[in-house]
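Chemist: Take a look at the following structure, please.
The values are calculated or read from the model by the stated rules, or taken from the named source; none is laboratory data. Note that this is a predicted model, so its numbers are computed, not measured. Using ideal geometry, Cβ is built from the backbone for each residue, glycine included, and neighbour counts are taken over all protein chains shown.
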């Protein structure tokens, strides 16, 4: 059936092309006839004065004269040559000959009637400009209609329709996200057999909000819902409702829901819904009436007087805190599906799914790869495997091996290697800096084992020390956060101890350490201020407290926060210095190995400093 529809579309396009070609051909033919008639047939012979033809008649060299309007064509005796001349408009050839002393009976005179041709020339001269104008207008309007640039297309919905005749995404194509798929299976079941729910008096949710960080599969699982249900699927981004003309967004919402109702049961998917669904009335950013009117229209369409029982709206957002309360209340987006970063088993499933169609060596262990990629989203894992395939092909390998996968995982997180010239002093500084991170982290019981140390520049960093989590953690403890700060400050402490000087290379480490310390004080209640949350939250690009909580933080409280943050940083820095002083020989050994090899894997590092104690 799909092939038949494609063939029908091709036939329509072919007919339209042939029709346009025929119109252009007619216009070209009319123009050719017109110019041919105006200019007349090509003259045969030489153009001469009329007096030369008269003298030829007197000398009996001209046998016959043909008249075509004002054109005089003389045939020379004994030759195929023809002399062509022209007479004055309205003059008779007989009077011209008689006035020149030539008897008209001495030559054969033939007069051709051109009245019919002249009549056609007049008709074509009148009609051809009209035909050309009509053809030009037809071409302009057709192009404007095809491009959708007509003035009447502004209010039309820009949502793209995906039907069951197109390639479908199923739940089997979505690895991981098992809880989310179970939640959405009810939506699929309702769209397939709504009657059994109605008999029980159940009301299916009108809107489902998919919430999760970027790359966790919100758009993919939405397509899977449509493919599993086999219903029309309208996809649009929140920003596509907005236009320069006032009222266009609301009109497009009305048109989109009208199309969805006409093809019900159906699904509408609005990606990045926070771009039009932001909270109204705060007045922080100056407001935007067009956006608010668009949001108002969505609210009315989802739960107004008009029933939309068989139209389900899926919305995707990674900033649910920005959404208007009226949008997420029961009756509209009354079901929230959370898509988190994949856990160990889900990462295995995602890796297995994206490994299909790619050759791998026997040494590749998906379980180990899944443990190595804690914190990777589904998009990160897909990108990692794709980068591994590209790297293996570039190096001329027949299959993807663990070394290629390790390089691809590092590239996804830190960026590609930067080949740049470094002085020996810079290399030594980088070696001691990264060795400082590794030694401090290795001697703290709650920090994950060192996975890799490198002084090869990647992205914006001059080197890196990796501590990938060995397990998925839902919570962080106070002791672990403090040890993370100490590890981050280990690079700066090693520089100070070895060179009696410090560099700008620790800028990102200081940012990470300060951020953790601030969160401990203001958000987690892990300081001497006690169990209190006083962290301002980002709203519309500004840091502010929640509405109604008493406004901004007082100067006295801000001073206490700064004191506590400074106290945590100082204590952790002191701890890093003590660890490095006790392990100075190991620090020198690791730095020397880095200068020789540039990169140390976990086994090489532990062979230099010993095995790490098990985590508490």
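Chemist: Would you check if there is a residue in segment 322-342 being free of Cβ contacts under 8 Å to residues at least 40 places away in the same chain and surrounded by fewer than 14 Cβ atoms within 10 Å (Cβ to Cβ)?
Modeler: Yes, because at least one residue in segment 322-342 is free of Cβ contacts under 8 Å to residues at least 40 places away in the same chain and surrounded by fewer than 14 Cβ atoms within 10 Å (Cβ to Cβ).
Chemist: Looking at segment 245-258, can you tell me whether even one residue there is in a loop (DSSP other than H, G, I, E, B), at negative phi, modelled with pLDDT under 85 and in contact with a strand residue (DSSP E or B) (Cβ under 9 Å, 6 or more places away or on another chain)? Spell out how you get there, then give the answer.
Modeler: Within segment 245-258, the subset in a loop (DSSP other than H, G, I, E, B) is 245-247.
After this cut, where a residue has to be at negative phi as well, the list is 245-246.
Then drop every residue that is not modelled with pLDDT under 85, which leaves 245-246.
From what is left, the residues that are in contact with a strand residue (DSSP E or B) (Cβ under 9 Å, 6 or more places away or on another chain) are none.
No, the conditions are met nowhere in segment 245-258.
Chemist: So which residues in segment 479-498 are more than 41 Å from the chain's Cα centre (by Cα) and either surrounded by fewer than 20 Cβ atoms within 10 Å (Cβ to Cβ) or within 12 Å of residue 445 (Cα to Cα) (or both), if there are any at all?
Modeler: Result: 479, 496, 497.
Chemist: With the structure loaded, tell me whether residue 350 is surrounded by fewer than 17 Cβ atoms within 10 Å (Cβ to Cβ), in contact with a helix residue (DSSP H, G or I) (Cβ under 8 Å, 6 or more places away or on another chain), modelled with pLDDT of 85 or more and under 30 Å from residue 208 (Cα atoms) or whether it fails that test. Quick ask: steps written out before the conclusion?
Modeler: Details: surrounded by fewer than 17 Cβ atoms within 10 Å (Cβ to Cβ): no; in contact with a helix residue (DSSP H, G or I) (Cβ under 8 Å, 6 or more places away or on another chain): yes; modelled with pLDDT of 85 or more: yes; under 30 Å from residue 208 (Cα atoms): yes.
In short, no.
Chemist: Still on this structure, please answer the following. Of the conditions (1) more than 27 Å from residue 460 (Cα to Cα); (2) in contact with a strand residue (DSSP E or B) (Cβ under 6 Å, 6 or more places away or on another chain); (3) assigned to a helix (DSSP H, G or I), residue 350 fails just one. Which one is it?
Modeler: (2)
Chemist: Here is a list: 430, 409, 393, 438. Which entry is crowded, with 17+ Cβ neighbours inside 10 Å and without any contact (Cβ under 8 Å) to a residue 60 or more places away in the chain? Can you show your working first?
Modeler: Numbers: 430 fails: without any contact (Cβ under 8 Å) to a residue 60 or more places away in the chain; 393 fails: crowded, with 17+ Cβ neighbours inside 10 Å; 438 fails: without any contact (Cβ under 8 Å) to a residue 60 or more places away in the chain.
Just one listed residue meets the conditions, 409.
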